[in-house]
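Since the structure comes first, as structure tokens, the remarks are kept for the end.
The values are calculated or read from the model by the stated rules, or taken from the named source; none is laboratory data. A quick note: this is a predicted structure, and the numbers were derived from the prediction, not measured. We place every Cβ from the backbone using ideal geometry, glycine too, and count neighbours over all the protein chains shown. What goes into the accessible areas is simple: the full protein's heavy atoms, side chains included, and nothing from ligands, DNA or RNA. Shrake-Rupley method; radii C 1.70, N 1.55, O 1.52, S 1.80 Å.
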Amino acid sequence: REPGMAEATLALIRELTRAAYVEATRLVRGALLAFGRYEAEWSTHLLSTTLGVRLASVPGERIVAALAQPFMGSTIDEWFTALAARAYEQARRVVRIGALEGETVGAMTTALRRMSELDRRHAEAVVRTLTNGVAVSARQLTLDEHADLFAGVRWVSTLDSRTTPICQERDGEVYPLDSGPRPPAHVNCR
């Protein structure tokens, strides 16, 4: 059994983690909604300019509805719930092992700082992936709004040493407007 101090510390970490991720979810959801609206407006403007005709914008409620849909199998809330659970579990391990092995508070704090840097990078990857998903959704909504003008969509991958095999394979493929894979194909998909 963990000593009382470790239990109190874990309870505090759990509550702080929960509160931080609730607020992060709220902020990211708001930022993604604003970005989705901007991306849809920009896509409409770009297509209007390219085609030389005035196209209607995507209604805002369609963007809100699109953000409620899963990206790579999880909603925005689910992505952040998983991040919070991961952060808490890692912190729990550090504190529990530190308490059982008699580590100093300083040593546990150092371990928690290292862990929080990894969590920060993971959170950045998730937000980058969600941002990509929102951009693709906004563009897709714009294309759907004017489906009579388009036959399909072409997958364009960033091709460099970090490109995954799945994105290398899909690069240049054309998919029907209403079906087929869309980015993001994986976390950190560009």
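A few notes on this one:
- Single residue of Ala11, Ala19, Ala24, Ala40 found to be of a type in the set (A, V, I, L, M), in a helix (DSSP H, G or I), under 21 Å from the mean Cα position of the chain (by Cα) and surrounded by fewer than 15 Cβ atoms within 10 Å (Cβ to Cβ): Ala19
- Total residues in the range 138-155, condition at pLDDT 95 or above, assigned to a loop (DSSP other than H, G, I, E, B) and open to solvent by 20 Å² or more (accessible area, probe 1.4 Å): 0
- Single match in Ala135, Ala107 (criterion: open to solvent by 20 Å² or more (accessible area, probe 1.4 Å) and either more than 18 Å from Gly73 (Cα to Cα) or not in a loop (DSSP other than H, G, I, E, B) (or both)): Ala107
- Of all residues in the range 88-104, those satisfying the criterion of being open to solvent by 80 Å² or more (accessible area, probe 1.4 Å) and free of Cβ contacts under 8 Å to residues at least 12 places away in the same chain are Arg93, Ile97, Glu101, Thr104.
- Per the conditions (1) more than 20 Å from the chain's Cα centre (by Cα); (2) farther than 14 Å from Thr17 by Cα, the sole criterion not satisfied by Trp79 is (1).
- Qualifying residue in the range 44-67 (condition: open to solvent by 30 Å² or more (accessible area, probe 1.4 Å), free of Cβ contacts under 8 Å to residues at least 40 places away in the same chain and touching a strand residue (DSSP E or B) at 6+ places or on another chain (Cβ under 9 Å)): no
- Test: residue in the range 119-138 that is of a type in the set (D, E, K, R) and more than 15 Å from the chain's Cα centre (by Cα): no
- Residues of the range 1-43 satisfying the condition of being in contact (Cβ under 8 Å) with a residue 40 or more places away in the chain and small (Gly, Ala, Ser): Ala6, Ala20, Ala24, Gly36, Ala40, Ser43
- Of all residues in the range 68-85, those satisfying the criterion of being in a helix (DSSP H, G or I) and surrounded by fewer than 16 Cβ atoms within 10 Å (Cβ to Cβ) are Asp77, Glu78, Ala82, Ala85.
- First in the range 136-163 and free of Cβ contacts under 8 Å to residues at least 40 places away in the same chain, second anywhere and of a type in the set (A, V, I, L, M) and open to solvent by 70 Å² or more (accessible area, probe 1.4 Å), Cβ under 6 Å, 6 or more apart: Gly152/Val174; Arg154/Val174
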